[in-house]
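Notes follow the structure.
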Amino acid sequence: MATVPPGALPDDWRPLLAEPPLARLLGRPLVDDALSAMHRLLPPRTALHSLRTFLLADARARADGTEYDRAGLLAAAAFHDSGLTCEAPRVPGGFPGRSAVLLDRFLAGHGVDDGRRGALTRAVREHIRPFPARTAGTEARLLHFGAWLDVVGRGDRQLLAERRRLARLAPTPLFAVSFSARVAVCGLRGVLPNRPPPAGDRSRRPAR
């Protein structure tokens, strides 16, 4: 997969990419390629949610003094909603299961070992559970925390201010309502609308 330099990514990502926990990861092939895949796969508002999810997960880890797989969690955050897209395979487990398959293929293509892949794909498969499993690993707990805090505001009250700050940097008004509606529709239809094609490119049209 060809790496896309940060300058080629959407302008509305830049405030989040400039956040130190994310900025320090840029330039790593796994990270740059995950961002490139996210840009290709996800609608713009869902991509911003994924970036905020990572940053909120990182904020929780720093508050708790928890060490974790930073590049791996960024890749998991980038793919955690990819199962809602038209490129996702039809596999059991709903959209989280489809997202996990896409992440696993991506990680395998980057030579990630089985143990690390297992931890990260489990994080994606289980992120929509109401609460993390007792046996969930560090990355699974962090991804779950970041995704739920960003969408519905559920989590450590000390980090709600961070949630509001990131939402101001990259706003997606009424995202919780629109995303929940899309997930409900995807239960019947299977996919989110495709990303709009680049200007001048009419070969890709939004799904109807």
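The values are calculated or read from the model by the stated rules, or taken from the named source; none is laboratory data. Please read all numbers here as calculations on a predicted model, not as lab measurements. Glycine gets a Cβ as well: all are built from the backbone with ideal geometry, and neighbour counts include every protein chain shown. Please note that ligands, DNA and RNA were not included when accessible areas were found on the heavy atoms of the full protein model with its side chains. Shrake-Rupley method; radii C 1.70, N 1.55, O 1.52, S 1.80 Å.
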Any residue at all in the stretch 188-197 that's β-branched (Val, Ile, Thr), part of a loop (DSSP other than H, G, I, E, B) and modelled with pLDDT of 95 or more? no
For the stretch 1-36, name all the residues that are at pLDDT 95 or above, open to solvent by 60 Å² or more (accessible area, probe 1.4 Å) and assigned to a loop (DSSP other than H, G, I, E, B). Ala18, Arg24, Arg28
All but one of (1) at pLDDT 95 or above; (2) in contact with a Leu (Cβ under 8 Å, 6 or more places away or on another chain); (3) not basic (Lys, Arg) hold for Gly83, so report the exception by its number. (1)
How many residues are in a loop (DSSP other than H, G, I, E, B), closer than 18 Å to Thr53 by Cβ and open to solvent by 30 Å² or more (accessible area, probe 1.4 Å) if we restrict to the stretch 67-119? 1
Looking at (1) basic (Lys, Arg); (2) touching a residue at least 12 places away in the same chain (Cβ under 8 Å); (3) exposed (fewer than 14 other Cβ atoms within 10 Å of the Cβ), which is the only condition Arg134 fails? (2)
Residue tally, condition at pLDDT 95 or above and hydroxyl-bearing (Ser, Thr, Tyr), over the stretch 37-63: 2
Looking at Ala57, is it under 13 Å from Leu102 (Cβ atoms) and crowded, with 24+ Cβ neighbours inside 10 Å? no
